[in-house]
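Shown next, in structure tokens, is the structure this report addresses.
The values are calculated or read from the model by the stated rules, or taken from the named source; none is laboratory data. Quick caveat: nothing in here was measured; it's all calculated off a predicted structure. Backbone-built Cβ (ideal geometry, glycine too); neighbour counts: all protein chains shown. Heads up: the accessible areas ignore ligands, DNA and RNA and are worked out on the full protein's heavy atoms, side chains in. Shrake-Rupley method; radii C 1.70, N 1.55, O 1.52, S 1.80 Å.
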Amino acid sequence: MKANDAEKRLSSPSGLELGEWCEHTRLPRMVRLHPIKNELFVAEESGKLVRWRYTPTLTFVDGLETEDIQDLVFSPDGKWMVLSNRSMNRIDIRSTEDLGLLSQIQNEFTNECMFSLCLDQEGNWLVIDSCKKPGELDEDEGLAWIHLETGEAFARTWQEMDYFDPEGLGYGIVYNVQLSPDQKRLAVNEWKEGSAVIHIFPSLLKGNQRTGSLEERKLSQFAWYDINAYVSDLGFHPDSTRLVCFKTTDTNLWKRYDHRGYDAGWVGDLVAISATRREEMWRVPIDARLTDWERGIPEGQYAKGYAGKVLVGKREVVCTAPGGQLLFFDMKTGEFKRKLKVNGNYIYAIGWHRDGDKIRVATDRELQVIEWK
């Protein structure tokens, strides 16, 4: 398929060099670790997409500039990726080998409301936040499901999914959509007016087919929310009944609401949530007591919040911390277990190794593989 005429190849990073900004959340940039290759893909809302490779240090490979990029997810095998392009009312599917355009999707749900997206484990169904009748008073915001092979598509509005607004602030911006490992639950991370909300809905997927009517399945309300907060990352436990998120905030909200009871160097809280009872299970402040990093949000170190990253194992959960650190906690109790200093000052991304008992850690110096059983 021919790429859009406005697209152009990049011969340099064009401002998308990796640096300390990767530890700051709420920026119009995103970093994605390829699920198999030792490569990082860096995208910007303006439409730039750049690929870096560890050889073993980070080396610029190639890039392109298109209209805009709101979100990016890889196929399960890593051979292609999906990008949302709301200014052109379409979804782009591109090769991860050469960034070439493979296909495009345009329907009533690919419009200016589109932002976040996720894929099921087989790479068949795409879930996006979107709306009908964009720009109108009754634009019917919600989620849409699109089958990439057949083109079948359907949607549910937030009202149809029993959307619950704990503070009465109306709909916010969806910054993360994630399917549980068993494909039965869908976590939606919503940011609005300085508050973080995590909703958990039925995925409406069963054997890659639509489930029954809404009346046949009771939809859940919000699972958890926290005022004056943002969620920078979240992940389901392998059993799909629990998830863990990293909650942070920015300097302005911190000063405005005069947070107390936090030690020096605080950058956020690691929070475990029940996906079945819709309640908080435990919470651990990530501060100098654990990291020995004395400067955090209270001290003005992270004006936009700290973009903590999370990876959830069967018995433990790990999150990133300033200074190139990984912190490990007991999944059941939240008890701090140990910390590990990686080779690098900044951790750009973490992900599972294909062997399943190791994790891959992308830093500013190298891509490390760490045993984790």
Once you order the gyration tensor axes a ≥ b ≥ c over the Cα atoms, which shape class does segment 232-373 get: rounded for a/c under 1.5, otherwise prolate or oblate by comparing a/b with b/c?
oblate
The cysteines in the chain that find no other cysteine Cβ closer than 4.7 Å to their own Cβ are C22, C118, C245, C319
Quick check: pseudo-label points 7 Å beyond the Cα along Cα→Cβ at A303 and E366, how many nm apart are they?
3.5
Please report the carbon-and-sulfur percent of the accessible area for segment 31-140; probe 1.4 Å, protein heavy atoms only, DNA, RNA and ligands left out.
47
Dipole moment magnitude, nearest 20 debye, segment 236-373 about Cα centre, only Lys, Arg, Asp, Glu C-beta charged:
260
Selection from L33, P56, L101, by position along the positive dipole direction of segment 1-106 (Cβ):
L101
The size of the Cβ-based charge dipole (Lys, Arg +1; Asp, Glu -1) of segment 1-138 about the Cα centre, to the nearest 20 debye, is 280
Space enclosed by the convex hull of the alpha-carbon atoms of segment 292-337, per residue, Å³:
85
Rounded accessible area per residue of the chain, 1.4 Å, Å²:
43
Between E17 and Q159, what length comes free when the chain is fully extended (0.36 nm per residue of separation minus the Cα-Cα distance, one decimal in nm)?
47.0 nm
With just the Cα atoms defining each centre, how far is segment 285-359 from segment 134-195? Give it in Å.
28
If N is the number of residues in the chain, what value comes out of its Cα radius of gyration divided by 2.2 N^0.38 Å?
0.95
Give K247/K358; K37/K304; K8/K358 a once-over and call out the pairs whose C-alpha atoms are over 27 Å from each other.
K37/K304; K8/K358
For q = 0.11, 0.19, 0.27 Å⁻¹, Debye-computed log10 I/I(0) when each Cα of segment 223-290 counts as one equal scatterer:
-0.28, -0.77, -1.23
Using a basic spin-label model with each label point 7 Å from the Cα along Cα→Cβ, how many nm lie between I36 and D357?
2.2
Subtracting the Cα-Cα distance from 0.36 nm times the residue separation, let me have the gained length for E279 to K337 in nm, one decimal.
18.5 nm
Extension gain, E149 back to Q104 (0.36 nm per residue minus Cα-Cα distance, nm):
15.1 nm
Please compute the modelled spin-label separation between E193 and L27, points set 7 Å along Cα→Cβ, answer in nm with one decimal.
2.9
When ranked by the protection proxy of mean other Cβ atoms within 10 Å per residue, highest first, what sequence do the peptides 7-13, 250-256, 31-37, 126-132 form?
126-132, 31-37, 250-256, 7-13
Quick one: with all protein chains in place, what share of the accessible area of segment 236-294 is carbon or sulfur, to the nearest percent (1.4 Å probe)?
42
Over the alpha carbons of segment 301-366, what is the largest minus smallest coordinate on each principal axis, giving the biggest first in Å?
32, 27, 18
Applying the gyration tensor rule to the Cα atoms of segment 1-102 (axes a ≥ b ≥ c; rounded if a/c under 1.5, else prolate if a/b exceeds b/c, else oblate), the class is rounded
Could you tell me the calculated FRET efficiency between Y262 and E7, based on Cβ-Cβ distance and R0 = 41 angstrom, to the nearest 0.05?
0.35
Give the carbon-plus-sulfur fraction of the accessible surface of segment 308-362 in %, rounded to a whole number; probe 1.4 Å, heavy atoms of protein chains only.
47
